[in-house]
Ligand code: G6P
Ligand code: MG
C-alpha cells in the first residue's frame, strides 16, 4: 500500500558529490588541511555544518563559531558557482522516465534532502515540476539520521510514514527512514547496507517494488 515516494536528491536524482568535493577541497587547501575523495565519501547525506566538522578533524588550529560560519559561507559560494555548470543533461533519461511513470501510476512524489540548495539544483536540472513536494535543508533543524526531513515530506504529501518509500544513497538516510517507520530503499553505497529494507542498483527498479 505504498502511496508516496520520497527521494533524497544528491546521489539519487543527480550527482553533486564532485562539486561538493571541489568546493570543500579549495577551502581545505587554503586552510592547509588534508582532504581527499575518500574523506569526501563521509560527507554523503551529512549537513553543511557537520561536513565542516569532519574536515576540521584534521586541522591543527581551532576555529571559532564565527570562523566556521565564514568557511561554510565561502564553501557554499564556490559550490553554487560550480552548480551553474549543471543542466538538464545531469539527470539521466532513466531517472526522468522513472519519475514520469511513477506519477502516471498516481504516486505522490517528494524530495527529502538535507541540502539548502535543493531548489536551485532542481531548477538547474529542470526537475522542479516533477515533484509534488519539496522538503529540504531550509525546513529542518535536525539532519539525517534524524527523520525530520522525511516526516516533513510525508506531511506535504498528506501521507502516513508507512505509506511512503524513502530512496537513499546514504546510510544516515536509511537510518533516518527506518527510525520513523518509512519503507527504506538503498541505492549506490546504501545498497550495500543491511539496514535497507529494499536494495536497488538503478532507480527504475522501484517500479517493481
Ligand atoms: C546533501 C549532500 C551532502 C551535503 C548536504 C548539505 O545531503 O549529500 O553532501 O553536505 O546535502 O548541502 P548544502 O547544499 O546545504 O550545503
Ligand atoms: Mg544523498
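Read-outs throughout are calculated quantities, based only on the coordinates presented, and are distinct from any laboratory measurement. As the structure is a computational prediction, the values presented were derived from the model and not from experiment. All Cβ positions, even for glycine, are placed from backbone atoms using ideal geometry, and neighbour counts span all protein chains on display.
Laid out as a table, the results:
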quantity: Shape category assigned to the range 139-209 from the gyration tensor of Cα positions, a/c cut at 1.5; calculated: oblate
quantity: Computed [θ] at 222 nm, deg cm²/dmol, the chain (DSSP H ≥ 4; -39,500 (n - 2.57); rounded to nearest 500); calculated: -12500 deg cm²/dmol
quantity: Acute angle (nearest 10 degrees) that the helix 148-157 long axis makes with the longest principal axis of the chain, alpha-carbon atoms; calculated: 40
quantity: Distance from the range 1-80 to the range 144-178 (C-alpha centre basis), Å; calculated: 21
quantity: Overall form of the range 1-60 per C-alpha gyration tensor (a/c, 1.5; a/b vs b/c); calculated: prolate
quantity: Percent of C-alpha pairs per 10 Å bin, the range 1-118, short to long; calculated: 12, 39, 27, 15, 6, 0
quantity: Translational diffusion coefficient (Stokes-Einstein; Kirkwood radius from C-alpha pairs) of the range 79-164 at 20 °C, 1.002 mPa s, in µm²/s; calculated: 155
quantity: Nitroxide proxy distance, nm - points 7 Å out along Cα→Cβ at residue 80 and residue 209; calculated: 3.3
quantity: Antiparallel DSSP beta bridges within the chain, percent to nearest 5; calculated: 0
quantity: Per-peptide average of other Cβ atoms within 10 Å, ordering 20-27, 82-89 highest first; calculated: 20-27, 82-89
quantity: Packing-based ranking, highest mean first, of 34-42, 95-103, 185-193 given that Cβ atoms within 10 Å are counted; calculated: 185-193, 95-103, 34-42
quantity: Helix 17-31 axis, angle to the chain major axis (alpha carbon atoms, nearest 10°); calculated: 10
quantity: Peptides ranked, highest mean first, by Cβ atoms within 10 Å: ranges 66-76, 112-122, 127-137, 157-167; calculated: 112-122, 157-167, 127-137, 66-76
quantity: Degrees separating the helix 93-104 axis from the principal Cα axis of the chain, which is the longest one; calculated: 40
quantity: Relative counts (whole %) of C-alpha pair distances in the chain, using bins that are 10 Å wide; calculated: 9, 35, 36, 16, 4, 0
